[in-house]
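The next block holds one structure in the form of structure tokens; read it before the comments.
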Amino acid sequence: MKKINLIVTLAILLCAFVSCDKIEGPYITPDESVETNVEFPDIDPATVFRKVLIEEYTGHRCTNCPDGHRELASLHERYGDSLVAIGIHAGSFAMTSGIFSTDFRTEEGNTLYEDFTINQIGTPAAVVNRKQHGNVYPLSIPAWQPAIEEELTHDCVAAVQLINVFDASSQKLTAHTKTTRLNGDTSDLQIALYIIEDGIVAPQKDGEETIPEYVHNHVLRGSLNGVYGTQLTTPEEDGTYLKSYELDCSAKSWNFSNCSVVAILMDAETHEVLQVEQAKF
Amino acid sequence: MRRIFPILTALLITVLCSSTAWGQSKWGHISGDFGFNGMYYIPDSIIGAKEVKEKVRANTWLNLNYTNSGFTAGLRYEFYSFPLIDFEDIGYKGQGLTHYFLDYKNDFIQVTAGTFYEQFGNGFTLRAYEDRQLGIDNSLLGARIKVTPYKGITLKGVWGIERKNFDFEYTKRHDYVRGLDAELSFSDMIGKLSEKGFVLSVGGSFVSKYEKSEKDMYITLPDNQTGILSADKIPQNIATWAARLNFGYKGFRLESEFAHKINDPNNTNSYIYKNGNSFLLTASYSMKGFGVEASFIRSDNMDFRSQRDISASTSLLSINYIPAVNRQYTYALLANYTYASQPNGQIGVQAQVNYKIPKGSKLGGKYGIDITANYARFHNVEQKLVPDAEANGLMNGTDGYTSRFFAFGNDLLYQDIGIEFSHRFNNKNWKLDLAYNFITYNLTILQGHPSPMFKGHNVMGKVTYKINTKHALKLEVHHLYAKEDDGSWLYGLLEYSIAPHWFISVADQWNYGNADKIHRTHYYNIAAAFVIKTTRISLNFGKTKEGILCIGGVCRSVPASYGLGLTVTTSF
């Protein structure tokens, strides 16, 4: 009897590990990109410089996060257009509660928080160009600047041009991009388009204090083509890639005059950011 | 996993050190083997043997096992940092402790932790095995349990991560395999069945692999449109199951296994979602002086790997195994036209008849004549594209095709018609073997280079003369007549052996019929081997043709080479 019990137990344990996923069709979803109907100015490759993306993970209930916001403002002053920042509210300190009623969290932000293992150090943290620096993705505040410095030393492998067309009456946004490879780069490329908003006034903890009218900048609001975007598969005759996406913003409560699109060009395999561009609506 | 590794090593070293002092005693027993297979390479532009920078390359390994009662511990160190060029070509390059395990076994249970090999049934759902010649080692790192609750009942459970050459970063892997197998042998359970000459067993297995799906895939559709196969449409858990039957009564035997695999879009099947299946049926009958065996096999979309991105051109990370049921030859000139099993699409038959012309008959002479006749034919499976695949102009991201179970596809893959005679005479001091084969081989599908269908007539003659109890001489002559591929070949071998220590041979393959005169090359080989107890040392010098090496229907490419080889193997 003991033997039978043992066998049954083992069988149940093993069965728990054994499973299968039956997928129902259709399997392919069409790429929802739209026609690129704008003219991009010619670029001079000699004038293209590499920009660095810093994704700052933060939360309105995070007491130390304003230190990160201040550091980011300082880095922006130092590096100017070479640095593009996205503020991602995710993790437990981004949850709503009491006067912290504004929900800044997004699906994209939650996914990135998981994928880049931000909970290893918690907020405030930042990921620079979606690369590991010192064998980890999330960096604490003192490590942000050295990582940016390191990234700025790398060659520029692509140029990204971004033109936004915003129809104020229909509140429809169309973001057009053109990607040009430089320096013989051959990696598979992927482009993601995010929306960020500056100047959002809402409560924020800052040390012991709670600041009711804190100004939140470069807050991630969503994306036009998913968290990791779309691969650039079909080049134009001149070898460049055009990709355009639309977004109906009519139901959004954003202040459009403070909104920008951030175009993130990354390596399709590693998701390492190769170039980034930002343009207002 | 990295933490387990030093613990296992330390434990093993401890038991080995303690037991060495006592050798074979109550403290246990140590066994193992060592191998060195090296070659000095010489470039040869005519045969395409490339210059090897290091000049000398070698594969080296050492196995050590310690056993004491029901307990076994073992490890293998492989040094393949500068391997033979064949192995470098397939990515089998590196060094490290590749095999390490602890195992305990009694009459009821066997448990293993570490790396292990296992096979369920014919291997349709799981075959973790090693073939050193092919450079295949897909052992699982994990755990295994085997239980034998009653005589004739065996239950197995495995879970682990497959070995991927010398990539030891198991903690970074997002794939693993788990499986169950059960076998009931009624002839072992019921004594009367076996007493009456019956053999009856049934079995079943279930294997599932998990692989994280985190990236969308992109497919170029007609009119340059892009389709997205999003990560949530790529299955992470993929299962196969199989059922098998083995029945026998006296000289008659029937063996069969059927397997089914659910949607498994991967690189080898162009990322289609069609279910896979395989079926093997073998029936045989034998009596004194006569035997007949026939097999039918079908496998469709059954290439099953731990990682979906692995290419079909390598055997890396294969979870299962679909055997080749055709006759396996060792004839030198047919080596490059050996049928490779096609897990993703093959259907075929194999039949063989053995007959012995009786001893003492007019035709059979004093010792009789053994005759073997053989026929094998394999096609691709029938494929009718599903409407989505038709519309897109490619199968990727669709259900691919439909296929009637017993319908042969239009493409012939391989055919073999053969007959062999074997006869001893003059007090068995002389033996004569004669064989003829007509081989039809689809180079385009089986080797991936577009070529006309290869048709070759191979004739083989072998004479063995036993001079006395120690000395023997063997002469082989083969001729392959063909118009396709490299054309016709002639092969000769002369081997002299002085038992039990020495073997010396001279051989030459001459591609006299090559359409390109410059490639009418002699691939000669001079070899000598010395054997003492369990140690074998062999030297060979010569040329090897670029081609393939196949064992049991699994093949790998062989680059052209020229040089001096040294092999040392020993076991203890």
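Considering the conditions (1) aliphatic (A, V, I, L, M); (2) more than 14 Å from chain B (Cβ to nearest Cβ); (3) in contact with a helix residue (DSSP H, G or I) (Cβ under 7 Å, 6 or more places away or on another chain), residue A:200 is excluded by exactly one of them, (3).
Go through the residues of the range B:311-319 one by one and say whether even a single one is more than 14 Å from chain A (Cβ to nearest Cβ), buried (at least 23 other Cβ atoms within 10 Å of the Cβ) and polar (S, T, N, Q). Yes, the range B:311-319 contains at least one residue that is more than 14 Å from chain A (Cβ to nearest Cβ), buried (at least 23 other Cβ atoms within 10 Å of the Cβ) and polar (S, T, N, Q).
Could you tell me which residue of the range A:16-60 is nearest to the other protein chains (Cβ to nearest Cβ), considering only residues that are of a type in the set (Val, Ile, Thr) and in contact with a helix residue (DSSP H, G or I) (Cβ under 7 Å, 6 or more places away or on another chain)? Working first, answer last.
First, the residues of the range A:16-60 that are of a type in the set (Val, Ile, Thr): A:18, A:23, A:28-29, A:34, A:36, A:38, A:43, A:47-48, A:52, A:54, A:58.
Filter again for in contact with a helix residue (DSSP H, G or I) (Cβ under 7 Å, 6 or more places away or on another chain), leaving A:23, A:52, A:54, A:58.
Working: A:23: 5, A:52: 24, A:54: 23, A:58: 25 Å.
Once the filter is applied, the top-ranked residue is A:23.
Determine whether the range A:177-185 contains at least one residue that is more than 17 Å from residue A:68 (Cα to Cα), among the hydrophobic types (A, V, I, L, M, F, W, C) and outside any helix (DSSP H, G or I). Outline the logic, then answer.
If we filter the range A:177-185 for residues that are more than 17 Å from residue A:68 (Cα to Cα), which is where we start, we get A:177-185.
Filter once more, keeping what is among the hydrophobic types (A, V, I, L, M, F, W, C): A:182.
Those left that are additionally outside any helix (DSSP H, G or I): A:182.
So far as the range A:177-185 goes, yes, one or more of its residues are more than 17 Å from residue A:68 (Cα to Cα), among the hydrophobic types (A, V, I, L, M, F, W, C) and outside any helix (DSSP H, G or I).
Answer with yes or no whether residue B:449 is out of contact with any Ser or Thr (no Cβ under 9 Å at 6 or more places or on another chain), at negative phi, at pLDDT 95 or above and not assigned by TED's automatic domain parsing to the domain that holds residue B:230. Quick ask: steps written out before the conclusion?
Working: out of contact with any Ser or Thr (no Cβ under 9 Å at 6 or more places or on another chain): yes; at negative phi: yes; at pLDDT 95 or above: no; not assigned by TED's automatic domain parsing to the domain that holds residue B:230: yes.
Here the answer is no, as residue B:449 does not meet what is asked.
Looking at the range A:229-243 only, could you name the residues that are at negative phi, buried (at least 17 other Cβ atoms within 10 Å of the Cβ) and within 13 Å of chain B (Cβ to nearest Cβ)? Step through it out loud before you land on a result.
So in the range A:229-243, the residues at negative phi come out as A:230-238, A:240-243.
Subsequent filtering for residues that are buried (at least 17 other Cβ atoms within 10 Å of the Cβ) retains A:230-233, A:240-243.
Listed by number, the residues that qualify are A:230, A:231, A:232, A:233, A:241, A:242, A:243.
Scanning the range A:98-112 for residues that are within 14 Å of another protein chain (Cβ to nearest Cβ) and among the polar types (S, T, N, Q) turns up at least one hit.
Checking the stated criteria, residue B:127 turns out to be assigned to a strand (DSSP E or B) and more than 13 Å from chain A (Cβ to nearest Cβ).
When residues in the range B:371-412 are screened for being under 24 Å from residue A:23 (Cα atoms), in a strand (DSSP E or B) and of a type outside the set (Val, Ile, Thr), 3 of them pass.
Within the range B:208-253, the residues that satisfy the criterion of being more than 7 Å from every other protein chain (Cβ to nearest Cβ), of a type in the set (A, V, I, L, M, F, W, C) and within 24 Å of residue B:308 (Cα to Cα) are B:217, B:221, B:231, B:234, B:241, B:242. Of all residues in the range B:476-503, those satisfying the criterion of being surrounded by 15 or more Cβ atoms within 10 Å (Cβ to Cβ) and over 23 Å from residue B:437 (Cα atoms) are B:495, B:496, B:497, B:503.
Residues in the range A:215-231: is at least one part of a loop (DSSP other than H, G, I, E, B) and in contact with a Phe, Trp or Tyr (Cβ under 7 Å, 6 or more places away or on another chain)? For the range A:215-231, residues part of a loop (DSSP other than H, G, I, E, B) and in contact with a Phe, Trp or Tyr (Cβ under 7 Å, 6 or more places away or on another chain): present.
For the range B:323-331, the condition of being modelled with pLDDT under 90 and more than 21 Å from the chain's Cα centre (by Cα) holds for none of the residues. Scanning the range A:117-129 turns up no residue that is out of contact with any helix residue (DSSP H, G or I) (no Cβ under 9 Å at 6 or more places or on another chain), assigned to a helix (DSSP H, G or I) and buried (at least 17 other Cβ atoms within 10 Å of the Cβ). Residue count for the range A:238-280 satisfying the condition of being without any contact (Cβ under 8 Å) to a residue 60 or more places away in the chain, more than 22 Å from residue A:173 (Cα to Cα) and of a type in the set (Gly, Ala, Ser): 1.
The residue of the range B:190-207 that is farthest from the other protein chains (Cβ to nearest Cβ), among those that are part of a strand (DSSP E or B), more than 21 Å from residue A:19 (Cβ to Cβ) and not β-branched (Val, Ile, Thr), is B:198. For the range A:133-155, a tally of residues being part of a loop (DSSP other than H, G, I, E, B) and surrounded by 16 or more Cβ atoms within 10 Å (Cβ to Cβ) returns 2. (1) away from chain B (no Cβ under 14 Å); (2) of a type outside the set (A, V, I, L, M); (3) in a loop (DSSP other than H, G, I, E, B); (4) touching a Phe, Trp or Tyr at 6+ places or on another chain (Cβ under 9 Å): which one isn't true of residue A:260, the others all being true? Of everything listed in (1) away from chain B (no Cβ under 14 Å); (2) of a type outside the set (A, V, I, L, M); (3) in a loop (DSSP other than H, G, I, E, B); (4) touching a Phe, Trp or Tyr at 6+ places or on another chain (Cβ under 9 Å), residue A:260 misses just condition (3).
Looking across the range B:328-348, the residues that are over 17 Å from residue B:557 (Cα atoms) and either in contact with a helix residue (DSSP H, G or I) (Cβ under 6 Å, 6 or more places away or on another chain) or crowded, with 18+ Cβ neighbours inside 10 Å (or both) come down to B:329, B:331, B:343, B:344, B:345, B:346, B:347, B:348.
Here is a yes/no grid of residues against (1) in contact with a strand residue (DSSP E or B) (Cβ under 6 Å, 6 or more places away or on another chain); (2) surrounded by fewer than 16 Cβ atoms within 10 Å (Cβ to Cβ); (3) assigned to a loop (DSSP other than H, G, I, E, B):
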position	(1), (2), (3)
B:228	yes, no, no
B:232	no, yes, no
B:238	yes, no, no
B:244	yes, no, no
B:260	yes, no, no
B:271	no, no, yes
B:279	yes, no, no
B:282	yes, no, no
B:295	yes, no, no
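Restricting attention to the range B:352-407, the residues being without any contact (Cβ under 8 Å) to a residue 12 or more places away in the chain, away from chain A (no Cβ under 14 Å) and surrounded by 15 or more Cβ atoms within 10 Å (Cβ to Cβ) number 1.
Identify all residues within the range B:132-189 that are more than 14 Å from chain A (Cβ to nearest Cβ), over 13 Å from residue B:319 (Cα atoms) and assigned to a loop (DSSP other than H, G, I, E, B); write none if there are none. Within the range B:132-189, B:132, B:133, B:134, B:135, B:152, B:165, B:166, B:167, B:168, B:173 meet the criteria.
Out of the residues in the range B:456-475 that are crowded, with 16+ Cβ neighbours inside 10 Å and of a type in the set (D, E, K, R), which is nearest to residue B:332 (Cα to Cα)? So the residue we want is B:462.
The values are calculated or read from the model by the stated rules, or taken from the named source; none is laboratory data. Keep in mind that what you see is a predicted model, and the values were worked out from it rather than measured. Please note: Cβ atoms are built from the backbone with ideal geometry, for glycine as well, and neighbour counts cover all protein chains shown.
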